[in-house]
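The values are calculated or read from the model by the stated rules, or taken from the named source; none is laboratory data. All values reported here derive from a predicted model rather than from experimental measurement. Every residue, glycine among them, receives a Cβ derived from its backbone with ideal geometry; neighbour counts consider all protein chains shown. To get the accessible areas, we keep the full protein, side chains included, count just its heavy atoms, and leave off ligands, DNA and RNA. Shrake-Rupley method; radii C 1.70, N 1.55, O 1.52, S 1.80 Å.
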Amino acid sequence: MNQHRTPETLVRETLEVEPSAADRGAVWQSIVERLGEGEAPGRTPTLELVRRHLRLPRLAAVGLAALAATLAAVALLPAGDERGGSQAPLLATASAAEVLNATATSARSALPAVGPGEYLFTRASSAIRGEGASTVGIESWTATDGSARIVERERSSRPGRHVRGRCVEPTRSNRRAKRCTRYISQVTTTSYRAGSDIGVVAANGVETRMPPPQLSPNWRYVVPGDDVVRMPAERDALLASLRARAERAARVYQRPRPKGYFPRVDRTYELSGRDLLVVETATDLLVEAPLSPGQRAGMLSMLADAPDWYQPGASAEPIQIRNLGQTKDALGRNGIALKFTIELTSGETGDEARGASPGTFDLVLNPEAGRLLETRSYEHGPAAEPVLLTVVAQRVVDSTDG
Amino acid sequence: MACPPAPEHGERARSDGQLLAELDSNSGLRVLYERHFEHLFRYVAARIGRQAAEDVVAETFVIAFTRRSAFDPSHACALPWLIGIATNLLRSRWRAERRHLATDPGRIERGGAPDPALDDTIARADAASARGAVMRAVKRLRPSERDAFLVHALVGLEGAELGVALGVSPSAASVRLHRARIRLRATLPSTLLSHDEDRE
């Protein structure tokens, strides 16, 4: 080596790597795969799946965090949650509407209203099983002025696989590859300022502004965060309010997407009916939004009567809600499971092309505690493993520190 | 400046700004990719190694695609902007970079043809020793100064383009680069440096 060099030359000679044709091809392939899966900055395909079907703003995952969350839940939830409630055996054979109405009655005293300067703190855990299995731990702090902080911790539930020298997320295609000793994890933080529906997503050291998108709607795009307190509590008024908001949001959501995204036009709400967005939004609001006790009760009563008001879309059967009886959620808590089904009679959505039924999900309720324990989304079809979202703990706090 | 010139005809003749403004298909992205892959890969791989670089470079183009509206069309060349995205991603991988800079210099996989001048065993040992000294010196730089110096040394950006890549003003970028050079002069063995480098 020539001993007379500038620092720049020395660094180039020492560190520079010559890219090969294989590097060029592998990186391009990786880009195409990521864009094909609709990946946006700071997201993983797995998280996208959870958000798309459970429609929470930025859901999130676990590993050790899941264990911590589970342990914390035991401390946070009322004793009745652990037992499942004394009404449970009676309601196990009641109609779905009776279960929802009983939960609505208890909800009036389950959680206090969120006051000025306070936040609704929700700790949840989501599990995706099977191919690309992972768990996501979510902690969210949401105020009535719309400000919010959401921390997601995602971790694959199985160790990663060695692929071309890297440890990557376990999938069906790489299942025969050698196991890594570690799990794949990622932390994403999303912040909303008061009165804004633009989320600032921080992941991998990059901050990205996420305006209401066409790709991944959530309750904030239907009901802006600072609008939650203005929603009525009475059942019929609440339904009218949500329908008007869902109508506006669905128009945005159904706009054609850029080339390269699949499907180019998502017709879910046209085929299933716009009221699907009302049902989905109501469920999301129950999980995470700072509702007043009256609004929470009104929302549950509204869902109880869904078979009466749901207007199916061009290719859907009327909504059905069935009581599946007593069940245990992912934390082993007793509850009553209700299955919501909106069957499509023909399929044109991307989901249906994969055999999914966009309107099928379960709610697991604890009627005595007035709480929603878990949602189960059947995005890969009614017979497939559902995506679970388990509400581990929920309380009103006065800071976003913990 | 390292930005490759656009050909005169066809889709490939469009400037980076035009490509990003009208980027609605993989073909446009492919043109941008072909244009800038090599510089990006060299830069990222030099900092964190070849294997980890694949992931960062792919992520850089995905972010560029999804955030294309953030690109300032007044800039003819997107390379500084892409380098800025990659540098941000690298900040979250500082552990990987530290490990890479602490790697045994003789084990770095650099690709390309072997240097005939290094056939001699003693020359190889000298080269490894020199590389070790350079890597230690780079590792000791402050992160902001290391970013400025490595972008300049590995990609060839300076002035306003260096500022775009670092997300700071051109003068702030120049100050960082100048400080990095001073630190490197102080920490690199004098035998490795040119006697007339002060005139640069």
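With all protein chains present and a 1.4 Å probe, how do B:Lys139, A:Lys178 order by accessible area, largest first? List each step's numbers first, then the result.
Working: B:Lys139 90, A:Lys178 150 Å².
Reading off the accessible areas and sorting them downward yields A:Lys178, B:Lys139.
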Subject >> Extension gain from A:Asp227 to A:Arg179, taking 0.36 nm per residue of separation minus the Cα-Cα distance >> reply: 12.5 nm
Original post:
With labels modelled as points extended 7 Å from the Cα through the Cβ direction, what inter-label distance (nm, one decimal) is found for A:Glu385 paired with A:Gln326?
Top reply: 2.7
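Quick one: order B:Tyr43, A:Tyr221 from most to least accessible surface, probe 1.4 Å.
Details: B:Tyr43 0, A:Tyr221 45 Å².
My answer, sorted largest first, is A:Tyr221, B:Tyr43.
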Subject >> At least 50 Å² of accessible area lost relative to the chain alone, listed for segment B:153-197 with a 1.4 Å probe >> reply: B:Ala153, B:Leu154, B:Leu192
Original post:
To the nearest 10 square angstrom, how much accessible area does B:Ser15 have with a 1.4 angstrom probe?
Top reply: 40
Original post:
Any idea of the total accessible area buried by the A-B contact, 1.4 Å probe, rounded to 100 Å²?
Top reply: 4800
**OP:** Starting from the Cα of B:Thr191, step 7 Å along the direction of its Cβ; do the same at A:Val163; then give the gap between the two resulting points in nm.
**Re:** 4.7
Original post:
Can you give the accessible area of A:Glu247 in Å² (nearest 10), computed on protein heavy atoms with a 1.4 Å probe?
Top reply: 70
Original post:
What residues from segment B:56-89 fall in the zone where the backbone N is under 12 Å from a label point 7 Å along the Cα-to-C-beta line of B:Ala21?
Top reply: B:72-76
**OP:** Mind ranking B:172-183, A:329-340 by how tightly packed they are, going by the mean number of other C-beta atoms within 10 angstrom, highest first?
**Re:** A:329-340, B:172-183
**OP:** Rounded to the nearest 0.05, what FRET efficiency do A:Val252 and A:Val397 give with R0 = 30 Å and r taken as the Cβ-Cβ distance? Could you check?
**Re:** 0.40
Subject >> Test item: B:49-57 mean partner chain Cβ contacts at 10 Å >> reply: 5
**OP:** Give the accessible area for A:His162 in Å² (nearest 10); use a 1.4 Å probe, count only protein heavy atoms, and leave out ligands, DNA and RNA.
**Re:** 80
Original post:
Roughly how many nanometres apart are two label points built 7 Å out from the Cα toward the Cβ at A:Ala194 and A:Ala237?
Top reply: 2.5
